[in-house]
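Just below is one structure, and these are the notes that go with it.
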Amino acid sequence: MMDREIFNLNLSVEATSAYILICNLAESGTPITIESAGTFWNDTSEALVSALEELKGHCIIVEALDANQMRQYYLNSSDRWKKPANA
């Protein structure tokens, strides 16, 4: 479920959009991968990768390899998020 705290972090528009997209995928039970997110992403694949890196940098998501060595992303609860210096 989406945590509205995301809007208090002053992240980039792309990272915030990626977070909302990831929450929607998670709620639908879809594994969160570059491919599944990219299906709904309205910007370049580079922008998606950059947004995911920003989310990882703030511990909003974590990355892990699944049994097929495919990267999957998982949401952390907001109590584990690292706030940017400007938040």
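The values are calculated or read from the model by the stated rules, or taken from the named source; none is laboratory data. Nothing here was measured: the structure is a model prediction, and the numbers come from that model. Glycine also receives a Cβ, built like all others from the backbone with ideal geometry; neighbour counts cover every protein chain displayed. With ligands, DNA and RNA removed, areas are computed over all heavy atoms of the protein, side chains included. Shrake-Rupley method; radii C 1.70, N 1.55, O 1.52, S 1.80 Å.
Looking across the range 24-35 at every residue that is within 17 Å of R71 (Cα to Cα) and outside any loop (DSSP other than H, G, I, E, B), the one that is least open to solvent (accessible area, probe 1.4 Å) is identified as L25. Restricting the first member to the range 65-87 and to residues that are of a type in the set (A, V, I, L, M), and the second to residues that are open to solvent by 100 Å² or more (accessible area, probe 1.4 Å) and not in a loop (DSSP other than H, G, I, E, B), the beta-carbon pairs closer than 8 Å and six or more apart or on different chains are L65/R71.
Tell me, please, whether a residue that is open to solvent by less than 20 Å² (accessible area, probe 1.4 Å) and more than 10 Å from the chain's Cα centre (by Cα) can be found in the range 3-19. Yes: the range 3-19 contains one or more residues that are open to solvent by less than 20 Å² (accessible area, probe 1.4 Å) and more than 10 Å from the chain's Cα centre (by Cα).
For the range 36-87, filtered to residues that are among the hydrophobic types (A, V, I, L, M, F, W, C) and assigned to a helix (DSSP H, G or I), the residue that is surrounded by the fewest Cβ atoms within 10 Å (Cβ to Cβ) is F40.
Answer yes if at least one residue in the range 59-81 is of a type in the set (G, A, S) and either within 11 Å of the chain's Cα centre (by Cα) or on the phi > 0 side of the Ramachandran plot (or both), and no otherwise.
Here is the first cut: in the range 59-81, the residues of a type in the set (G, A, S) are 64, 67, 77-78.
Cutting the leftovers down to either within 11 Å of the chain's Cα centre (by Cα) or on the phi > 0 side of the Ramachandran plot (or both) gives us none.
There is no residue in the range 59-81 that is of a type in the set (G, A, S) and either within 11 Å of the chain's Cα centre (by Cα) or on the phi > 0 side of the Ramachandran plot (or both).
The C-beta contact set for the range 10-37 (first residue without any contact (Cβ under 8 Å) to a residue 40 or more places away in the chain, second residue part of a loop (DSSP other than H, G, I, E, B) and not aromatic (F, W, Y), distance under 7 angstrom, 6+ apart or interchain) comprises I20/M2; L25/I32; E27/M1; S36/T30.
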